[in-house]
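Here's the structure, in structure tokens; my notes come after.
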Amino acid sequence: MSTAQEWTPPQLRPEHELTAMIEHVTANGYSSNKHDGYDKGLLAALHWAVGRTEQPPVSKTQLGRPVNGTDAKREQYRAYEAMKGGIAEPELREVVQEKGGRYVTGVENTLAWAIGGDALWAPWET
């Protein structure tokens, strides 16, 4: 007999880690080309996750409350859809057209990291 595992919602990393990443990227950059959009996507995702901006980095729906892990996972998936292009809703494809594919990739990688994934590394994790 198998036992079903209970679903656990994703949790955001502690705010001090998210803030430390903002400070590091602001001071040093993250990608090899700071101007290709990746760093901008990374920072947009982090600023949204810690509540410095209300507008999500890819979707248009503001929450009106603090971001939680499930919200970050949902926005990460929206960024993933936008990265794939053809399967994305028109509003997500517009983000890629306006801000670029590297921006959307930065958002997706960052939000995956923010909920515990290994899409990025932080300076203190190496």
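Here is a list: G86, G101, G51, G37. Which entry is of a type in the set (G, A, S), exposed (fewer than 14 other Cβ atoms within 10 Å of the Cβ) and modelled with pLDDT under 95?
That would be G86, the only listed residue that is of a type in the set (G, A, S), exposed (fewer than 14 other Cβ atoms within 10 Å of the Cβ) and modelled with pLDDT under 95.
Check off (1) over 17 Å from A119 (Cβ atoms); (2) surrounded by 14 or more Cβ atoms within 10 Å (Cβ to Cβ); (3) of a type in the set (G, A, S) for A45 and give me the number that stays unchecked.
Result: A45 fails condition (1) only.
Restricting attention to region 110-123, does a residue exist that is part of a helix (DSSP H, G or I), modelled with pLDDT under 95 and out of contact with any strand residue (DSSP E or B) (no Cβ under 6 Å at 6 or more places or on another chain)?
Looking through region 110-123, at least one residue is part of a helix (DSSP H, G or I), modelled with pLDDT under 95 and out of contact with any strand residue (DSSP E or B) (no Cβ under 6 Å at 6 or more places or on another chain).
Which condition breaks for K40 when tested against (1) over 13 Å from the mean Cα position of the chain (by Cα); (2) closer than 22 Å to P66 by Cα; (3) part of a helix (DSSP H, G or I)?
Here K40 clears every test but (1).
Can we say G64 is open to solvent by less than 100 Å² (accessible area, probe 1.4 Å) and free of Cβ contacts under 8 Å to residues at least 24 places away in the same chain?
Yes; evaluated as a whole, the condition is true for this residue.
Test E23 against the stated conditions and say whether it is under 19 Å from W113 (Cα atoms) and surrounded by 20 or more Cβ atoms within 10 Å (Cβ to Cβ).
So E23 does not fit the description; no.
Can you find even one residue in region 74-93 that is of a type in the set (K, R) and in a loop (DSSP other than H, G, I, E, B)?
no
If K60 satisfies all but one of (1) outside any helix (DSSP H, G or I); (2) basic (K, R); (3) at pLDDT 90 or above, what's the number of the condition it fails?
Exception for K60: condition (3).
If S31 meets every condition in (1) in a loop (DSSP other than H, G, I, E, B); (2) open to solvent by 40 Å² or more (accessible area, probe 1.4 Å) apart from one, which number is that one?
Of everything listed in (1) in a loop (DSSP other than H, G, I, E, B); (2) open to solvent by 40 Å² or more (accessible area, probe 1.4 Å), S31 misses just condition (2).
The values are calculated or read from the model by the stated rules, or taken from the named source; none is laboratory data. Every value quoted in this text rests on a predicted model; they were computed, and no experiment measured them. Positions of Cβ are generated from backbone atoms using ideal geometry, with glycine treated the same way; all protein chains shown enter the neighbour counts. The area values use the complete protein model at the heavy-atom level, side chains included, leaving out ligands, DNA and RNA. Shrake-Rupley method; radii C 1.70, N 1.55, O 1.52, S 1.80 Å.
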